[in-house]
1. Of all residues in the stretch 417-451 being touching an Asp or Glu at 6+ places or on another chain (Cβ under 7 Å) and hydrophobic (A, V, I, L, M, F, W, C), which is nearest to D488 (Cα to Cα)?
2. Could you grab the pairs with beta carbons closer than 8 Å, sequence gap of 6+ or different chains, first residue in the stretch 467-487 and surrounded by fewer than 18 Cβ atoms within 10 Å (Cβ to Cβ) and modelled with pLDDT under 85, second one in a loop (DSSP other than H, G, I, E, B) and among the aliphatic types (A, V, I, L, M)?
3. Give me the residue from the stretch 128-141 that is in a helix (DSSP H, G or I) and surrounded by 20 or more Cβ atoms within 10 Å (Cβ to Cβ) and, out of that set, farthest from the chain's Cα centre (by Cα).
4. Residues to consider are L446, L430, L426, L456; find the one that is in contact with a Phe, Trp or Tyr (Cβ under 8 Å, 6 or more places away or on another chain), farther than 20 Å from F375 by Cα, in the same structural domain as R371 (by TED's automatic domain parsing) and of a type outside the set (F, W, Y).
5. Given the structure, is L244 outside the structural domain of M466 (by TED's automatic domain parsing) and either modelled with pLDDT under 95 or part of a loop (DSSP other than H, G, I, E, B) (or both)?
6. Please determine, by comparing only the residues of the stretch 449-480 that are aromatic (F, W, Y) and outside any loop (DSSP other than H, G, I, E, B), which one is nearest to R333 (Cα to Cα).
7. Mind counting the residues in the stretch 48-60 that are of a type in the set (F, W, Y) and buried (at least 19 other Cβ atoms within 10 Å of the Cβ)?
8. Quick test for you: out of Y54, Y47, pick the one residue that is within 21 Å of L415 (Cβ to Cβ) and at pLDDT 90 or above.
Amino acid sequence: MLSRFRSILFLEPLIEGDIDGREAPEFFGDLNLDQIVASVTAGRDEYNLKPFFYAPLRSVEAICYRHEVMRDLENEALLGHVRTFSRKLRTMRESLAQADKLYYERQKQRWFLDAVDIYCDAVRCLMQDLQSAYPRSRGFRGLREYLETYTASGDFATLVSDTQKLKADLAGVLYTLHIDGARIRVSRYDSESDYGAEVLQTFEKFKQGVPREYRFDFRESLNMNHVEAAVLDRVAKLYPDVFLELERYCDRHRYYLDDTIRSFDREVQFYVAWLEHGARLKRAGLSFCYPVVADRSKAVHCRESFDLALADRLVRENVSVVTNDFHLEDPERVFIVSGPNQGGKTTFARTFGQLHYLANLGCSVPGRQARLFLFDSLFTHFDREEDIGNLSGKLEDDLRRIRAILARATPRSILIMNESFSSTTLNDALFLSKRVLQQIVQRDMLCVYVTFLDELASFSKSAVSMVSTVDARDPALRTFKIVRRPADGLAYAAALAQKYRLSYLSVKERVAS
């Protein structure tokens, strides 16, 4: 009886169709998570990994399960074993795909036999590798137990023995060809002389010095031509038992691929892809960590966090990445982020959303240390370009969207708002923002609110002011650092006025002169 292991990715396995039917959540574009997933899964289209990134986990235990597996795979030896297994199964799939493309049935059957042989070798080697690697995660220990039971089963033993015997029988098929003009006679090999060896021996005595090389490559085609197929048909008549067994073998083992092993080969790529993507950023000096994910406390923090999508691009361009710290303690729930334009406010908001979503996937997250919240829903309300086809207008559209979000939100939801209600007057924007924030605070939600309204920073004891900073020596230069402090938009404006000699005194002096 096989072990209860079913998935390296899910503590409680889901139906595969439930995963493959998933689409990207609505907020993916706002948080640039679509860019992250595209970058992580690039080159792995055969595994269809994107749906896994559309299915956040719903329990702390399920997240810990993935953390354990990912930590195991940080061991280069184990990661190498998994990569070797994956290469073998890719070769197996290529053999099966090639068999489907071939025309002649006996050629198809031989490619199928080779595919099964690769599969048997891959499974046995992976089991032996896991036995020597001593993994600690429940996932890999469960897989090892499953493989030990599976490879000891009668079905697998029969598959291996049938494959090896048939390969040996086919290797013993020897025949000769007698070619006379357009006629070819096929017969069993009966210890006839090797004419090639005799010809070489005859001309050996005429050899003078190093001979010139006259070899050339024949055109290679995986498909047999009609002459080769006709020869093979006659060989099959000479060895009817062997070729009949080949036909029966293909029919008997057509469903040889174990579903759990097939799923593992796909699912483990989720971890491998994530680790390989992070490794490049780590080499650039950035940090990743396994966050503590809480399902009750909403006290969250992160050190040296960064926007993963932005960092991916900056590292490729050899540009340094600015990191930020943040924390919320009870009863704090809302970050009010203000400061100069192009100062990193939206990037900070995206970072907060990315961190929580990636944490709920069971991934390591960008940062040196993190404690994050297990949300039930994540919402974004970003400024949208006005749609000329929308007769309701931009402000009404903003209000409809935020109303729909608040109707679905719960105390376990997270909301990221960016420059909302910017299309209306200052007073109206302030009025609407306060009303929305009241609803957020009443629901006890976590929220990041990026705004041009400094007045919101002191809205409530649940609100924390975060400000994007500028260079102390040159206020026109952004540092992209977001710090926890009272909003100071007026001070920033005064600094700029001072720099460009636009203060009251400077203007007065210039007019006087």
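The values are calculated or read from the model by the stated rules, or taken from the named source; none is laboratory data. All figures in this text were calculated on a predicted structure; none of them were measured in a lab. Cβ sites come from the backbone with ideal geometry, for glycine too, and all protein chains shown count toward neighbours.
1. Selected residue: V450.
2. Every condition considered, the pairs that remain are D471/L477.
3. Our first condition is that a residue be in a helix (DSSP H, G or I); within the stretch 128-141, this holds for 128-133, 138-141.
From what is left, the residues that are surrounded by 20 or more Cβ atoms within 10 Å (Cβ to Cβ) are 130, 139-140.
Working: L130: 23, G139: 18, F140: 19 Å.
By that ranking, first place goes to L130.
4. Numbers: L446 fails: farther than 20 Å from F375 by Cα; L430 fails: in contact with a Phe, Trp or Tyr (Cβ under 8 Å, 6 or more places away or on another chain); L426 fails: in contact with a Phe, Trp or Tyr (Cβ under 8 Å, 6 or more places away or on another chain).
Exactly one residue qualifies, and that residue is L456.
5. Details: outside the structural domain of M466 (by TED's automatic domain parsing): yes; either modelled with pLDDT under 95 or part of a loop (DSSP other than H, G, I, E, B) (or both): no.
Here the answer is no, as L244 does not meet what is asked.
6. My answer is Y449.
7. If we filter the stretch 48-60 for residues that are of a type in the set (F, W, Y), which is where we start, we get 52-54.
Imposing the further condition that a residue be buried (at least 19 other Cβ atoms within 10 Å of the Cβ) reduces the set to 52-53.
Going through the stretch 48-60 one residue at a time, the tally reaches 2.
8. On the way: Y47 fails: within 21 Å of L415 (Cβ to Cβ).
On inspection, the qualifying residue turns out to be Y54.
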